[in-house]
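The values are calculated or read from the model by the stated rules, or taken from the named source; none is laboratory data. Everything numeric here is computed off the predicted structure, so don't read it as measured data. Here the Cβ positions follow ideal geometry from the backbone for every residue, glycine too, while neighbour counts run over all protein chains shown.
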């Protein structure tokens, strides 16, 4: 086994890339189909003169070949990842670092590629590949009617590859390539329906917000390189103590800027604005990228850099508070959103906040544990939501489900059941997965040395209750309407497709999703139910075999088990009361929420409008930036830079035009130029000898 | 010299004898395509020996009796030969379609290409100024003929005439230089000149006559390389020559000339480094500037590529001027990468049927694949990572910095911004300008497809794994310093 | 009065011939044939140099070299005349000024 580990790791990382490449090669065999182009032309010419053509035999093949290749490769990568993970867990395999090749080197610097397999990357491997495999299979059903579904699958596999490279990189350069790679794939997938202006805007927003964070991250990386002289993890960790002794300020600086980068990818408060908008992408994308994998990259990065963060305790405090603020902020916003995917998106944001405040109290194992369980139940919730959306013909407003006139729990019984499992796990009800990990996070916060984590505990516990409320608000609002209410409403009028173009008009009644979508949800449901119990060892430092390092003074995780029993149970009690409350508010007495909102207009408005963050940013950043940009565009750019550049360009052109005059076309002029140059050169040389 | 050692010169023997064989084949079968296949076989056969022992092979010299060594085979010449012949293979598919359309598809084309290749291999391996002269002429004559190959085309014969007159003049200059070296030193072999010049340098000042001789010899290779200000012929000849010949001219002789220049500067003229290093450094800067700034004002695409060649040769000169193994290795790496990128661009040019920049307007809407090929190759030429062109520039600039030539490296980096200008301009024209016509480009012949495909794949692979070639060139370059 | 012939004399003669040849190429603006003749003049000057040196240094290489030059020059001239013929066929003139289709 051990002998094969390096090859297997490499294979697991590269397989999705191979799948994506082979999938892309189908475009060589079957070039872009008219139907695939149709949407693109709409935007350019403003009218639809390309009726989507009926799929011909070969075009079907084009899709199915690409889909099989990508899905197959990711499934294979999943099997390999689990083999590696189980091997590491049983001790039949050892952590190993492999060197693929050196890209280039300059002096002492060498940019190398390879893989690093340890418990940390193995955990990420199984999370990424498992969710990705489920999402790939699920998309066979969800994207069945999309004209350019092979493109979708190619992007998905490419994303999986970038994510795997991110988590298995042995150095920060390769990690950063993966980091940017997932960013690009995320951009492509959010904007997958590029004929929709809102999807384009969301994709651009996600990209730009992440660029802001990445800029900070790059500063951190540069500082890291300048301070440590290397970007390889093992070499950095070996030097942390020495550097910390002489220059602890530098470590804090690096840790802070890397954290800002992580905040962007992981949608922490302040840089979270892109995540809800990213729900414009197809739902499988939301499940894979914006719930289970890419958004956890920040958490992973901080855990990976744990030796560094342990040397920067002030930054850990910042991490903890940012996480806690995100957790409570997103939970309050989640209460009032009406779009099913946006609720889950804010839930993701909130859960990521939990992970960060676990890191803040140095409970990295708790963060990784929660990351793992969260990946399963949140992906399940998203896929469940996707199933509802699919069944309801792309209706995403949970209020409209109630008005549709159908009782969704009867129409979509399997989805309903799976959503229950996911929501119970999210709310942290034992024995579901979320209970184990979330409680460990909260207990660690409570046990933080010196009690500095108590506010975090309080915020987190409150957020846990809100989580239960908004989680079950979805369930009760979507599935528990009463048919008698709907007599007043006639037939569903809103069933018209709001998202991608539907061409099959016979599907007007809501329907349970096909088995190809339901089956991949089963492993996720299994994970949502059992992963907390099966993987509870992840919550201990020992399990991580040194891939996570905790300073001995930061004993939060260690002491987590010794906190008073009441505070251990409090989150659970609140969660259960939250569910009960949700049942009464959103299933039994639906009038009450409206009354509450009228009674408390200001909190309601704040929550509904997402704390006005987008508006604040509009005033604070976007408008000033826009006016500054306009100023610079007018005065700086058009008159200054353009002048300079165009001036520069014009100068070059003028120079070129002038030189062109020498290019007369006459042989004797050319000969003369040669002889002249020769004479001058000889003159110079002879002058030098004298 | 044992009987087996003669095997080391098989590339030259195979190409020389092979060209005669191809001449017979062409004459009796009158089948150009068959001759073309024969040429490919000959080139492949010539590659066998250097492939067997690319960098581990012995250094072997053919003794010319009292005159000294005539030829020398070393790891460096092996790698240069391999790059040359590999690129030559890539040139062959370009020929058929164009010459057929011009009604001049004759077996002689391939024979001339193989003959020129024999000259180039001889040039790369020459170790004596006599061999150098003969090899240079053997390389040049077939290309003169190929340039003027389209008999009824006024531009073709004018290009041939210009190339011929200026080329003969350059070789006249070189010959005169050789005669001065001979008069001054009494020897013509590289080792002899090296020793004599070293002695001259040790005893005092280098005699002016020797400096003049050296300069004149170097000028001939600078002319073949079209280093400014010896570049004036390049645009006219590129424009007038049949496009496949332009592609050949833009890649193969450059490889041979660069290999020769590196060997001359590291070998016989090593002791004059203090003289030629600053002079060639200025010429490198001049080439980069002239090439980039004149490319921007061109309307004819072949002329534009000619100036692009001049600019790129400037970058290669940066590596050569560095005069260290890294520099020579970087120059070879750059040359290999540049050669297949240029071939790919010429193939794309022929496939698009465009003559002027305006013909490329809106190519992206007319033929996506072709536009993507252009995009990739132009980006590589402009030095955008992670494409091969970036690695090439990186290699030569690193070498210049290592040699302590920081101002030159800075000038190079600034010039690459200028060079970016025309690449991006072409891309802008292709992607953003409204096309004059919406007719799709005609079906692309298979030969061009192969060249473009290989070129794109190599651009990508060498961008990510530059060491695949870089390690070889470094080993080769280390062998001659 | 007689001078002894030395290598310097030979070199000076060939330098004169070389300069004449080069000047001929640059200054001649009429006839391509004249350019070919000037090229021959350059080769001749080189041959004189080589043979002269060979004599004074008692080294055979220079003479062999000049043989090579003779041979190669013949081939070169043949190609040159062929190209000039082509040019004449296409343009009806052998004036070097006529070769200005391509410039800039």
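Within region B:195-242, how many residues turn out to be outside any helix (DSSP H, G or I), modelled with pLDDT under 90 and at negative phi? Give the derivation first.
To start, the set of residues in region B:195-242 that are outside any helix (DSSP H, G or I) comprises B:204-207, B:226-232, B:241-242.
Checking which are modelled with pLDDT under 90 leaves us with B:204-207, B:228-229.
Okay, now just the ones that are also at negative phi, so B:205-207, B:228-229.
Selection size over region B:195-242: 5.
Taking residue B:157 as the residue in question, decide whether it is modelled with pLDDT under 95, surrounded by 24 or more Cβ atoms within 10 Å (Cβ to Cβ), farther than 23 Å from residue B:190 by Cβ and within 14 Å of chain C (Cβ to nearest Cβ).
Criteria met by residue B:157.
Return the only residue of A:650, A:671 being at pLDDT 80 or above and either within 14 Å of chain C (Cβ to nearest Cβ) or assigned to a helix (DSSP H, G or I) (or both).
Working: A:650 fails: at pLDDT 80 or above.
None of the others qualify; the one that does is A:671.
Pick from region B:126-141 the residues that are facing chain C (nearest Cβ under 9 Å) and under 19 Å from the mean Cα position of the chain (by Cα): which of them is nearest to residue B:250 (Cα to Cα)?
Here the residue is B:140.
Can you say whether residue B:374 is part of a helix (DSSP H, G or I) and within 16 Å of residue B:342 (Cα to Cα), as far as the supplied structure shows? Don't jump to the end; show me each part of the working.
On the way: part of a helix (DSSP H, G or I): yes; within 16 Å of residue B:342 (Cα to Cα): yes.
Judged against the criteria, residue B:374 is a match.
Being out of contact with any strand residue (DSSP E or B) (no Cβ under 8 Å at 6 or more places or on another chain), within 12 Å of another protein chain (Cβ to nearest Cβ) and either surrounded by fewer than 22 Cβ atoms within 10 Å (Cβ to Cβ) or in contact (Cβ under 8 Å) with a residue 40 or more places away in the chain (or both) narrows it down to one of B:401, B:429, so name that one. Step through it out loud before you land on a result.
Values: B:429 fails: within 12 Å of another protein chain (Cβ to nearest Cβ).
From the options B:401, B:429, the qualifying one is B:401.
Can residue B:229 be described as facing another protein chain (nearest Cβ under 10 Å) and either without any contact (Cβ under 8 Å) to a residue 24 or more places away in the chain or crowded, with 24+ Cβ neighbours inside 10 Å (or both)?
On the way: facing another protein chain (nearest Cβ under 10 Å): yes; either without any contact (Cβ under 8 Å) to a residue 24 or more places away in the chain or crowded, with 24+ Cβ neighbours inside 10 Å (or both): no.
Against the criterion (facing another protein chain (nearest Cβ under 10 Å) and either without any contact (Cβ under 8 Å) to a residue 24 or more places away in the chain or crowded, with 24+ Cβ neighbours inside 10 Å (or both)), residue B:229 does not qualify.
Can you give me the number of residues within region B:254-295 that are outside any helix (DSSP H, G or I) and away from every other protein chain (no Cβ under 14 Å)? Talk me through it step by step, then tell me what you get.
Within region B:254-295, the subset outside any helix (DSSP H, G or I) is B:267-269.
The next check asks that each one be away from every other protein chain (no Cβ under 14 Å); those that pass are B:267-268.
Of the residues in that region, 2 qualify.
When you go through B:407, B:385, B:440, B:435 one by one, which is the residue that is surrounded by fewer than 16 Cβ atoms within 10 Å (Cβ to Cβ), on the phi < 0 side of the Ramachandran plot and part of a loop (DSSP other than H, G, I, E, B)?
On the way: B:407 fails: part of a loop (DSSP other than H, G, I, E, B); B:385 fails: surrounded by fewer than 16 Cβ atoms within 10 Å (Cβ to Cβ); B:435 fails: surrounded by fewer than 16 Cβ atoms within 10 Å (Cβ to Cβ).
Answer to the selection: B:440.
Looking at region B:26-59, which of its residues are closer than 20 Å to residue B:119 by Cβ and touching a residue at least 60 places away in the same chain (Cβ under 8 Å)?
B:26, B:35, B:36, B:38, B:39, B:42, B:43, B:46 - these are the residues of region B:26-59 that are closer than 20 Å to residue B:119 by Cβ and touching a residue at least 60 places away in the same chain (Cβ under 8 Å).
Just to be sure before I move on: is residue B:144 within 8 Å of another protein chain (Cβ to nearest Cβ) and over 21 Å from the mean Cα position of the chain (by Cα) in the structure I sent?
Values: within 8 Å of another protein chain (Cβ to nearest Cβ): yes; over 21 Å from the mean Cα position of the chain (by Cα): no.
No; evaluated as a whole, the condition is false for this residue.
Taking region B:185-195 as the search range and keeping residues that are without any contact (Cβ under 8 Å) to a residue 40 or more places away in the chain and surrounded by fewer than 19 Cβ atoms within 10 Å (Cβ to Cβ), which one is farthest from the other protein chains (Cβ to nearest Cβ)?
So the first thing to find is which residues in region B:185-195 are without any contact (Cβ under 8 Å) to a residue 40 or more places away in the chain, and the list is B:185-186, B:195.
Retained after the next criterion (residues that are surrounded by fewer than 19 Cβ atoms within 10 Å (Cβ to Cβ)): B:186, B:195.
On the way: B:186: 5, B:195: 15 Å.
Step by step, filter region B:185-195, then rank; the result is B:195.
Identify, from the list B:339, B:331, B:311, B:323, the residue that is under 30 Å from residue B:404 (Cα atoms) and either without any contact (Cβ under 8 Å) to a residue 12 or more places away in the chain or surrounded by fewer than 24 Cβ atoms within 10 Å (Cβ to Cβ) (or both). Walk me through it before giving the result.
Numbers: B:339 fails: either without any contact (Cβ under 8 Å) to a residue 12 or more places away in the chain or surrounded by fewer than 24 Cβ atoms within 10 Å (Cβ to Cβ) (or both); B:331 fails: either without any contact (Cβ under 8 Å) to a residue 12 or more places away in the chain or surrounded by fewer than 24 Cβ atoms within 10 Å (Cβ to Cβ) (or both); B:311 fails: either without any contact (Cβ under 8 Å) to a residue 12 or more places away in the chain or surrounded by fewer than 24 Cβ atoms within 10 Å (Cβ to Cβ) (or both).
Exactly one of B:339, B:331, B:311, B:323 is under 30 Å from residue B:404 (Cα atoms) and either without any contact (Cβ under 8 Å) to a residue 12 or more places away in the chain or surrounded by fewer than 24 Cβ atoms within 10 Å (Cβ to Cβ) (or both), namely B:323.
If I ask for residues that are in a helix (DSSP H, G or I) and within 26 Å of the chain's Cα centre (by Cα), which ones from region B:176-192 would you list? Steps first, please.
At the first step, the residues of region B:176-192 found to be in a helix (DSSP H, G or I) are B:176-185, B:190-192.
The answer is B:176, B:177, B:178, B:190, B:191.
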